[in-house]
Amino acid sequence: MGNGIWVVGEGKGDELSRATCEILSEARRLAGDDKVTCVLLGTGLTAQAAQAGKFGADEVLACENAELGKYNLEIEAHIVAKAVGDKKPDLVLVPATTHGRELAAFVASRLNLGLASECVALSKGDDGQFRAVRPMYAGKVRVTVKFTDSGTRMATVRPNVLAATETGKAGAVTALEFSKPEKVGAEMVTVETKGDGGAVDLSEASIVVSGGRGLKGPENFHLVHSLAEVLGGAVGASRMVVDAGWKEHSFQVGQTGRVVTPDLYIAVGISGAIQHLVGMQNAGCIVAINNNPEAAIFKVADYGLVGDLFEVVPALTEELKKSRN
Amino acid sequence: MNIIACVRQTPDTESAIKIGGDAKAIATDGIKYVLGPYDEYSHEAAVQLMEKNGGEVTAISFGPERVKETLRNCLAIGAAKAVHILDEDASHDDALAIATALAAAIKPMTYDVVFTSNKGTDSDRGLVGAMLAEKLGLPYVGLVSELEVEDGGKALVCTRDVEGGQREKIKVTLPAVICAQKGLREPRYASLMNIMQAKKKPLETKSVADLGVDTAGAVKLQVEKLEYPPQRPPGRLIDGASVDEKVKELVRLLKEEAKVL
Ligand SMILES: Cc1cc2nc3c(=O)[nH]c(=O)nc-3n(C[C@H](O)[C@H](O)[C@H](O)COP(=O)(O)OP(=O)(O)OC[C@H]3O[C@@H](n4cnc5c(N)ncnc54)[C@H](O)[C@@H]3O)c2cc1C
Ligand SMILES: Nc1ncnc2c1ncn2[C@@H]1O[C@H](COP(=O)(O)O)[C@@H](O)[C@H]1O
């Protein structure tokens, strides 16, 4: 029997993030008979705690405090590092999101623990050792890493690569004590929801429709939005589009943008430069719409449609609408 | 304002990446090394803060001898001086080891802001900046896409976009470690004159032993093997006499063959 696997979860309102559910399911699979613990920090965590149980947590450590209503790295890292240092779980998993990444890095640094980041697969070998598979060189290579120390190991796990499966039922909820460091240097001033973000988050979306320079101008980007909307997907963009100021950087897919792994990726008017491909080539199914049959994007596309996007995209959107009804 | 810009040397993003003979590292022949694409933005942000508020920028990098070339480049694009922490052992390219060495070198310096950036486009890691902040006992703001100086230079207000279409504004008291997202400030390129002048600027080399750091001991991850990601099976172009036909066929394939709709 080991010290179990911990998952530091994320959620909003009554719901855990999809990434958290995926990682809990993976923890359940890896843990065998060992305990899976989900650590939650925030306010009003009852519903999230129950959901954690459904996805495999035997126990939830919930730290509820009004000061955790707004994300604060220094305070969260302080609490999590203390708990991890105390209980010494065998493995701590954290979603590879903006918050999760820095939280994991702070905790690993404080306790000098090995941290494998952006992992796409985890395993436990016959030697009882955890191994992690992660990308390198913008995903052009995959590396399997092993931890050199015994004791607690850490990993951040990319959203949308592991399957979320409901297995258990609500586990026991234990309160995790709130405390904060003597000095807190950074404070959240505001958090606002952006107007044009689209309904679905890019890194967690199961369908992504991205637009490139082939759209000719920002006034035509609504074509991409409409297609994404009928599919219930998120909107992405190539760097050309971002550099030209048609879309903000948070939409960019690629080496210097987001890496996405949806079930379906549709590239509209995107040429398929290597720096774009490394951001989307692990999608389940890739569709390319481009009027140049020689475009590099067709080399990675499962289905290529050669044609003028200004005709193809509206027709496709219509066809999908029809097939919905 | 004295500013430290941590910079990572990375293979040019156009470089073909080939796995080496022992499958533990990439083959380095034919690789062109450059200032990391994200560090171009953070370095520029450092230089612009200095230009507005006075002070100087020190560029610092951990790595083998070849890293000096990247530091010379930083001296040509606005840094006043550079520090090279020399470590030839490729297995020390580990987030905790780098952060430990950088922290040891930075601690005795006088500074208001330390810049890092999103990630190495080779390491795909995104850890060194936050670990460095933690080692220095400083606050950290990651993935900053906009920043403003406040309180007469005592604080920065940073804007960043996080998942779920949320935009956060975080106020951080200085000194602090800031990690730049792409686009924070548009990078400049060196003129021939800048390059000549950079040759006269100080570039100091320190060994990890000079810093009293055990980089080997700080390494907690070990590479077992490198592999290429699974290749995608070849795709196909969709036939059809008209746009309508092609679109109908595509929808059919997505439903019946790929089963993604
Ligand atoms: C360091 C570095 C990092 C980078 N990081 C990224 C990154 O993260 N993400 C990224 O995307 N790029 C990145 N790039 C840029 C990349 O190299 C390409 O320049 C970029 O991806 C091209 O964008 P695009 O495909 O939209 O534009 P283009 O290459 O201009 O392609 C436009 C495409 O639209 C097609 N088209 C035109 N008209 C029509 C029409 N009417 N109907 C259908 N198709 C049409 C054309 O045939 C063409 O293929 C990076 C580059 C560097 C150097
Ligand atoms: N060897 C290094 N020397 C100096 N700075 C580095 C080094 N490696 C990483 N950094 C900084 O830390 C950031 C994150 O790196 P990484 O954790 O490797 O993705 C980089 O973008 C750089 O700003």
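Count of segment A:286-325 residues, restricted to those that are away from ligand 1 (no atom under 15 Å from the Cβ) and in a loop (DSSP other than H, G, I, E, B), is 2.
In segment B:104-121, the residues that are closer than 14 Å to B:Tyr41 by Cβ and basic (Lys, Arg) form Cβ pairs under 6 Å with partners that are within 16 Å of ligand 1 (Cβ to nearest atom) and assigned to a loop (DSSP other than H, G, I, E, B), at six or more places apart or across chains, as follows: B:Lys119/B:Gly126.
Taking the conditions (1) of a type in the set (S, T, N, Q); (2) more than 7 Å from chain B (Cβ to nearest Cβ); (3) over 17 Å from the mean Cα position of the chain (by Cα) in turn, A:Thr156 satisfies each one other than (3).
Here A:Val306 passes the criteria (1) away from ligand 2 (no atom under 16 Å from the Cβ); (2) β-branched (Val, Ile, Thr); (3) in contact (Cβ under 8 Å) with a residue 24 or more places away in the chain except the one numbered (3). Every listed requirement among (1) surrounded by fewer than 24 Cβ atoms within 10 Å (Cβ to Cβ); (2) within 16 Å of ligand 2 (Cβ to nearest atom) is met by A:Gly284 save one, (2). Taking the conditions (1) surrounded by fewer than 23 Cβ atoms within 10 Å (Cβ to Cβ); (2) in contact with a helix residue (DSSP H, G or I) (Cβ under 8 Å, 6 or more places away or on another chain) in turn, B:Cys74 satisfies each one other than (1). When restricted to residues that are assigned to a loop (DSSP other than H, G, I, E, B) and near ligand 1 (Cβ under 7 Å from one of its atoms), segment A:232-252 contains 1. Note on segment A:109-124: residues that are facing another protein chain (nearest Cβ under 7 Å) and in contact (Cβ under 8 Å) with a residue 24 or more places away in the chain total 7.
Just one of the listed residues (A:Asp149, A:Asp127, A:Asp90) is more than 13 Å from chain B (Cβ to nearest Cβ) and not β-branched (Val, Ile, Thr), namely A:Asp90. Of the residues A:Ala138, A:Ala164, A:Ala62, A:Ala66, the single one that is more than 22 Å from B:Lys135 (Cα to Cα), small (Gly, Ala, Ser) and in contact with a Cys (Cβ under 7 Å, 6 or more places away or on another chain) is A:Ala164.
Looking at the structure I just gave you, is A:Phe310 surrounded by 17 or more Cβ atoms within 10 Å (Cβ to Cβ), touching a helix residue (DSSP H, G or I) at 6+ places or on another chain (Cβ under 8 Å) and among the aromatic types (Phe, Trp, Tyr)?
In short, no.
In this structure, B:Leu174 qualifies as at pLDDT 95 or above and more than 16 Å from ligand 2 (Cβ to nearest atom).
Of all residue pairs spaced 6 or more apart or on separate chains, those with beta-carbon atoms under 6 Å, a first member in segment B:53-69 that is under 22 Å from B:Leu96 (Cα atoms) and a second member that is within 14 Å of ligand 2 (Cβ to nearest atom) and assigned to a loop (DSSP other than H, G, I, E, B) are B:Ala59/B:Val7; B:Ala59/B:Ala79; B:Ser61/B:Val7; B:Pro64/B:Glu88.
If you check A:Glu187, A:Glu182, A:Glu192, A:Glu166, which single one turns out to be of a type outside the set (A, V, I, L, M), in contact with a Lys or Arg (Cβ under 6 Å, 6 or more places away or on another chain) and farther than 29 Å from A:Gln51 by Cα? Break it down into steps so the answer makes sense when it comes.
Working: A:Glu182 fails: in contact with a Lys or Arg (Cβ under 6 Å, 6 or more places away or on another chain); A:Glu192 fails: farther than 29 Å from A:Gln51 by Cα; A:Glu166 fails: farther than 29 Å from A:Gln51 by Cα.
A:Glu187 is the lone residue from the list that is of a type outside the set (A, V, I, L, M), in contact with a Lys or Arg (Cβ under 6 Å, 6 or more places away or on another chain) and farther than 29 Å from A:Gln51 by Cα.
Within this structure, A:Ile23 fails the test of being assigned to a helix (DSSP H, G or I) and within 14 Å of chain B (Cβ to nearest Cβ). So for segment A:148-161 (the condition being closer than 18 Å to A:Met280 by Cα, charged (D, E, K, R) and in contact (Cβ under 8 Å) with a residue 60 or more places away in the chain), does at least one residue qualify? Yes - at least one qualifying residue is present in segment A:148-161. Candidates are the residues of segment A:253-285 that are more than 7 Å from chain B (Cβ to nearest Cβ), closer than 26 Å to B:Lys246 by Cβ and outside any loop (DSSP other than H, G, I, E, B); the one that is nearest to ligand 1 (Cβ to nearest atom) is A:His276.
Do the conditions hold for B:Val219, that is, is it within 10 Å of chain A (Cβ to nearest Cβ), within 29 Å of B:Glu69 (Cβ to Cβ) and of a type in the set (Val, Ile, Thr)? Yes.
Inspect all residues belonging to segment B:182-197 and state whether any of them is basic (Lys, Arg) and free of Cβ contacts under 8 Å to residues at least 24 places away in the same chain. Taking every residue of segment B:182-197 in turn, none turns out to be basic (Lys, Arg) and free of Cβ contacts under 8 Å to residues at least 24 places away in the same chain.
The values are calculated or read from the model by the stated rules, or taken from the named source; none is laboratory data. Not measured: the values here are computed from a predicted model. Using ideal geometry, Cβ is built from the backbone for each residue, glycine included, and neighbour counts are taken over all protein chains shown.
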